[in-house]
Each structure stands twice: as C-alpha cells, then as structure tokens.
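Undergrad: Quick one: this structure, given as structure tokens, is what I'll be asking you about.
The values are calculated or read from the model by the stated rules, or taken from the named source; none is laboratory data. Please read all numbers here as calculations on a predicted model, not as lab measurements. Quick reminder, even Gly has a Cβ in these numbers, built from the backbone with ideal geometry, and neighbours come from all protein chains shown. Just the protein is used for accessible areas: all its heavy atoms, side chains included, with ligands, DNA and RNA removed. Shrake-Rupley method; radii C 1.70, N 1.55, O 1.52, S 1.80 Å.
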Amino acid sequence: MAGARGGLIGAALLLAACTVGPDYRRPAAPVPEAFKEQGWKLGQPADAIDRGAWWSVYKDPVLDDLEKRIDITNQNLKAAEAAFRVAEAVVAQGRAGYFPTATLTASATRGSLSASSA
C-alpha cells in the first residue's frame, strides 16, 4: 500500500514539473538593407589550378633555381626529416613522465555458507 502511494506521489510530482509555458515568439531584430562593407563577392575556389610548381607564382628566378637544385628525392633532405621526427618522438616520450598515471585493479570473491555451519 505504501509503495503504491509513493508511486502516485512521485507521478504527481513528475507531472507537476512538466508545466508548459507561453508560446515562443521570435524577438524582432533590425536587419539592415545593405552591409557597410561594400565590394564583397562569393568565394571562387581555384582547385582546378595545377599545384605542381607552386613557387612559379612568385616569378623569382632565384627561387626557381633553388627549387631545381633541391629535389624532394634528395636523400639528405629525407634523412634530416627522419631525424627531426625522431627528435620529436624523443621529446614526446620525455614529456610523458610529467603527466599523472592512474592504475585500476578489480577483484571479486564468491563464497557461501553451508547449512551445517554455525
């Protein structure tokens, strides 16, 4: 009987908490006829442009010469990049010791008493 009465009280409190307020009305906001910045246009992506020799956009003969001299297949450049990545990994490994660590263990036991035990 007490459980049913508690359930009814709980249901009544739950229904009382679901009050419905007034209908929402969007507040009026002034919208200008035109923005103060003039001359804006929609973006026009240039994804169709070949991005092979991107440095040729600058029309700099010195830069063109430098790009011809250093090729991406240059083994020295690849070795320097690999050394840089190793150095980054060593620094990240060293920083890992500054962060706290947490361990979690769980255990369970099961037991029962026999009917003949006191």
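Undergrad: Run residue 113 past the list (1) open to solvent by 100 Å² or more (accessible area, probe 1.4 Å); (2) under 30 Å from the mean Cα position of the chain (by Cα); (3) among the aliphatic types (A, V, I, L, M) and report the number of the one that doesn't hold.
TA: So the condition that residue 113 fails would be (2).
Undergrad: Additional query: So which of 79, 108 ends up being modelled with pLDDT under 90, under 39 Å from the mean Cα position of the chain (by Cα), among the aliphatic types (A, V, I, L, M) and surrounded by 10 or more Cβ atoms within 10 Å (Cβ to Cβ)?
TA: Only one candidate passes the filter, namely 79.
Undergrad: What number of residues in segment 47-65 are in a loop (DSSP other than H, G, I, E, B) and open to solvent by less than 90 Å² (accessible area, probe 1.4 Å)? Full working, then the answer.
TA: In the first step, residues of segment 47-65 are kept if they are in a loop (DSSP other than H, G, I, E, B); the result is 47-53, 59-60.
Pick out the ones that are also open to solvent by less than 90 Å² (accessible area, probe 1.4 Å) and you get 52-53, 60.
Residues that pass the stated criteria total 3.
Undergrad: Any residue at all in segment 84-99 that is outside any helix (DSSP H, G or I), open to solvent by 100 Å² or more (accessible area, probe 1.4 Å) and at pLDDT 85 or above?
TA: Checked against the condition, which is being outside any helix (DSSP H, G or I), open to solvent by 100 Å² or more (accessible area, probe 1.4 Å) and at pLDDT 85 or above, segment 84-99 yields at least one hit.
Undergrad: Can you go through 60, 65, 50 and tell me which one is modelled with pLDDT under 80 and of a type outside the set (S, T, N, Q)?
TA: Among 60, 65, 50, only 50 is modelled with pLDDT under 80 and of a type outside the set (S, T, N, Q).
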